[in-house]
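Engineer: Quick one: the structure is below, questions incoming.
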Amino acid sequence: MSKTPDTIVTGATGLVGRWLVPQLTRQNRQVMVLIRKSTLRAAAYGRWVETHGGNPANLSFHDLEMDQDNLGLADIDTSKLRDVYHLVARYEFGLTRDQARRIAVLGSLRLLDWCQSVPKLRRFVFITGYLAATHAETIRQAPIARQQKLIDKQYRKCGAYEASKVEENILVQRKAKQLGIPYTIVNPSAISGDSQTGETTQFIGPAELVRDIYHGKLPALVGGADTFVPLVAVDYVAKFMASIPQQSEAEGQSYWLLDQATPNFAKLVAQIGQYLGVDYPKKLIPKLLVRALPRVLSGADPEALVFMTNLRYDTKNADKLAKKMAIAQPEFRSSLENWIDFLVSRSAS
Ligand SMILES: NC(=O)c1ccc[n+]([C@@H]2O[C@H](COP(=O)([O-])OP(=O)(O)OC[C@H]3O[C@@H](n4cnc5c(N)ncnc54)[C@H](OP(=O)(O)O)[C@@H]3O)[C@@H](O)[C@H]2O)c1
């Protein structure tokens with residue numbers, strides 16, 4: 001029989017959760033997994049944890065439907081609960097503002113409200129994302145009365161998914177501070193597969209780039225020579241996150257997680273194409289030009305174009321903390337190649 005949980009993970013069936021939960025059980029944490037239809041999915045999830053080196057005996061399950069007004073968590077025994085990891089997301093382009101906000105913003109604020117009832121809460125850990133958190137940092141510098149206008153602008157400019165992550169970052173931090181809830185934010189870049197096996201459960205976003213190069217369907221390179229779309233391996237993200245609550249200096253901090261060894265986008269595409277042994281596009285087309293074209297001609301999703309920037313991200317505090325945690329970034333090239341192999345094997349089967 002499972003013990004009283006000391007850790008809760010929402011969104012545990014997502015990419016990050018599937019690597020984080022086995023890692024937490026390896027640290028002998030008692031993990032309560034909050035997922036939709038938990039009774040139906042518990043057995044399969046336990047098998048996943050076991051085959052990924054975790055201990056299913058340390059798991060318990062509870063239902064969570066994030067877009068309900070009442071999250072239905074009142075019956076959880078919180079007497080030993082220390083850490084809450086919040087990973088739920090609706091990673092989808094083309095959402096309306098209301099659809100995206102319902103989970104990312106309203107759902108996260110409701111979960112934070114519930115955290116007030118956790119007597120020994122050590123840390124609320126949640127994820128924004130490298131670009132959304134960068135925009136959120138900029139907006140936070142503006143006078144508070146102007147911040148809502150700037151958030152509205154994000155919805156017009158970036159699309160609902162990314163803008164809802166910006167808004168979530170700002171509002172969740174603001175509320176956590178008001179309520180005195182200790183939090184840490186992690187901001188990963190696009191997440192690739194396991195550095196050793198290449199395995200992933202996500203086939204959208206950067207995985208589509210690999211697929212398109214493989215099938216010769218990437219028409220052109222969008223951006224300039226300095227466009228940077230960084231990657232980070234999922235096992236690195238999971239190890240980093242699993243250790244965060246034990247790090248007192250991480251309270252109230254944000255960490256950008258990405259592999260600085262990722263080459264600029266044009267070189268990344270070349271590296272992928274050469275590894276696959278296929279022809280790949282070499283001609284750069286400015287983002288503004290692609291944006292100006294009707295989507296039917298460019299084939300580019302405007303919400304994906306948002307990520308084609310030349311911004312750089314400071315990972316010094318994350319690198320320092322990782323060193324203290326005794327974890328290191330995996331070697332970039334082999335991690336990339338393992339992920340490509342996995343994706344290609346999946347697209348062949
Ligand atoms: N993956 C990346 O490259 C990346 C990069 C930067 C930031 N992030 C952020 O990292 C966090 C984790 O992302 P991920 O890639 O692990 O996500 P993911 O693979 O898309 O998984 C999303 C998770 O949220 C759950 N979920 C969705 N809607 C829900 C609802 N209404 N109620 C309850 N649960 C719901 C899903 O459950 P079901 O199994 O029931 O669908 C799943 O467990 C998110 O905040 C995401 O924005 C991800």
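Engineer: At Ile204 and Asp63, where each label point lies 7 Å from the Cα along Cα→Cβ, what is the point-to-point distance in nanometres?
Structural biologist: Calculated label separation equals 2.5 nm.
Engineer: Continuing with this model, one more query. Choose one of Ala238, Gln196, Ala250: the residue whose Cα lies farthest towards the positive end of the charge dipole of segment 107-256 (beta-carbon charges +1 Lys, Arg; -1 Asp, Glu; about the Cα centre).
Structural biologist: Ala250
Engineer: Restricting things to alpha carbons, tell me how big the chain is in terms of Rg and Dmax, in Å.
Structural biologist: When restricted to Cα atoms, the chain yields Rg and Dmax of 20.1, 60 Å.
Engineer: With a/c under 1.5 counting as rounded, go ahead and sort segment 156-308 into rounded, prolate or oblate using the C-alpha gyration tensor (a ≥ b ≥ c being the square roots of the eigenvalues; past the cut-off, prolate if a/b is larger than b/c, else oblate).
Structural biologist: oblate
Engineer: Residue separation times 0.36 nm, minus the C-alpha to C-alpha distance between Arg26 and Gln116: what's the value?
Structural biologist: Once the chain is fully extended between Arg26 and Gln116, it gains 29.6 nm.
Engineer: Here's something else I'd like to know. Taking 1 over the mean of 1/r across every pair of different Cα atoms in segment 72-231, what Kirkwood radius in Å do you get?
Structural biologist: Working: mean 1/r = 0.0565 Å⁻¹.
Result for segment 72-231, one decimal place: 17.7 Å.
Engineer: Let me ask something else about it. Are there any trypsin sites (Lys or Arg not before Pro) in segment 1-108 that are in a DSSP loop and have at most 14 other Cβ atoms within 10 Å? List them by number. Before the final figure, lay out the partial values.
Structural biologist: Details: sites: Lys3, Arg18, Arg26, Arg29, Arg36, Lys37, Arg41, Arg47, Lys80, Arg82, Arg90, Arg97, Arg101, Arg102; in loops: Lys3, Arg29, Arg36, Lys37, Lys80, Arg82, Arg90.
Those satisfying the criteria are Lys3, Arg36, Lys37, Lys80.
Engineer: Greater than 27 Å separation of Cα atoms is the criterion. Which listed pairs, Lys153/Lys267; Lys175/Lys287; Lys149/Lys177; Lys80/Lys175; Lys80/Lys323; Lys217/Lys316, meet it?
Structural biologist: Flagged as over cut-off: Lys153/Lys267; Lys175/Lys287; Lys80/Lys323; Lys217/Lys316.
Engineer: Let me ask something else about it. Let's test the formula: R0 of 22 Å, r as the Cβ-Cβ distance of Asp279 and Glu337. What FRET efficiency results, to the nearest 0.05? Don't jump to the answer; show the numbers that get you there.
Structural biologist: Numbers: r = 19 Å, r/R0 = 0.85.
The pair Asp279/Glu337 has a calculated efficiency of 0.75.
Engineer: Tell me, how many Å apart are the Cα centres for segment 36-112 and for segment 1-31?
Structural biologist: When both Cα centres are located, 11 Å separates them.
Any read-out appearing in this document is the output of simple, stated calculations on the displayed coordinates, not a laboratory observation. This one's a predicted model, so the numbers in the text were calculated from it and none came from an experiment. Glycine gets a Cβ as well: all are built from the backbone with ideal geometry, and neighbour counts include every protein chain shown.
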